Amino acid sequence: MDKLSKNTQAILFGLGAVLLWSTVATAFSISLKYLTPTQLLLVANAVSLVFLIVLIACKGDLKELLTSAKQSWKSSFFFGAINPFIYYLILLQAYNMLPAQEAQAINYTWAIMLSFMAVPILKQRLKPTDYVAAAMCYFGVLYISTRGQITSLEFSNGIGVAFALLSTVI
């Protein structure tokens, strides 16, 4: 990768991330056939913790990890409770209640929600084209969520849709 430009590397890494994330809905759906959302979250976090500790140990930074953990355990606990715990508990519940394509389409609107939340919180201004683009995106999500029957506004599970929408705010 040394010979590739920074821009090409960025594009390749971005495409790789999209490719990997595009399989998430299927992975969640298959996993939720065998585990509850809470069990899946526990297993995923345990695997992540073990992997992270092994990686830190291989780098020889375990002492630094312990020092940092002693100093900032309260903030780490707080932010860890929000994400991954609360966020993924809500998201996995949405995947448990909805078909994967619906949950994923709704959850992927987090970037739009982030833009809308930046208006009051960060005092950002959106252009009219931003609102048009957001409306088009939400229309597509509505189309997917109603299985093409937009005028009926019938979702496969209203509470599941609420969970998926809530996940875009956290």
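The values are calculated or read from the model by the stated rules, or taken from the named source; none is laboratory data. Just so it is clear, the structure is predicted and the values come from calculations on it, not from any experiment. Virtual Cβ from ideal backbone geometry, glycine too; neighbours counted across all protein chains shown.
Mind listing whichever residues of segment 1-41 are assigned to a loop (DSSP other than H, G, I, E, B) and either surrounded by 10 or more Cβ atoms within 10 Å (Cβ to Cβ) or of a type outside the set (A, V, I, L, M, F, W, C) (or both)?
Residues of segment 1-41 assigned to a loop (DSSP other than H, G, I, E, B): 1-5, 22-23, 32-36.
Across segment 1-41, the qualifying residues are ASP2, LYS3, LEU4, SER5, SER22, THR23, LEU32, LYS33, TYR34, LEU35, THR36.
Name the residue, out of SER68, SER31, SER72, that is more than 18 Å from the chain's Cα centre (by Cα) and within 26 Å of VAL169 (Cα to Cα).
Working: SER68 fails: within 26 Å of VAL169 (Cα to Cα); SER31 fails: more than 18 Å from the chain's Cα centre (by Cα).
Of SER68, SER31, SER72, the one residue that is more than 18 Å from the chain's Cα centre (by Cα) and within 26 Å of VAL169 (Cα to Cα) is SER72.
For PHE79, work out the one condition from (1) within 22 Å of VAL43 (Cβ to Cβ); (2) outside the structural domain of ALA44 (by TED's automatic domain parsing); (3) without any contact (Cβ under 8 Å) to a residue 12 or more places away in the chain it doesn't fulfil.
(2)
Looking for whichever is surrounded by 14 or more Cβ atoms within 10 Å (Cβ to Cβ) and among the charged types (D, E, K, R) here; the options are ARG147, ARG125. Which one fits? First the steps, then the outcome.
Details: ARG125 fails: surrounded by 14 or more Cβ atoms within 10 Å (Cβ to Cβ).
Exactly one of ARG147, ARG125 is surrounded by 14 or more Cβ atoms within 10 Å (Cβ to Cβ) and among the charged types (D, E, K, R), namely ARG147.
ILE170: aliphatic (A, V, I, L, M), closer than 28 Å to ASN83 by Cβ and assigned to a loop (DSSP other than H, G, I, E, B), yes or no?
Numbers: aliphatic (A, V, I, L, M): yes; closer than 28 Å to ASN83 by Cβ: yes; assigned to a loop (DSSP other than H, G, I, E, B): yes.
The answer is yes for ILE170.
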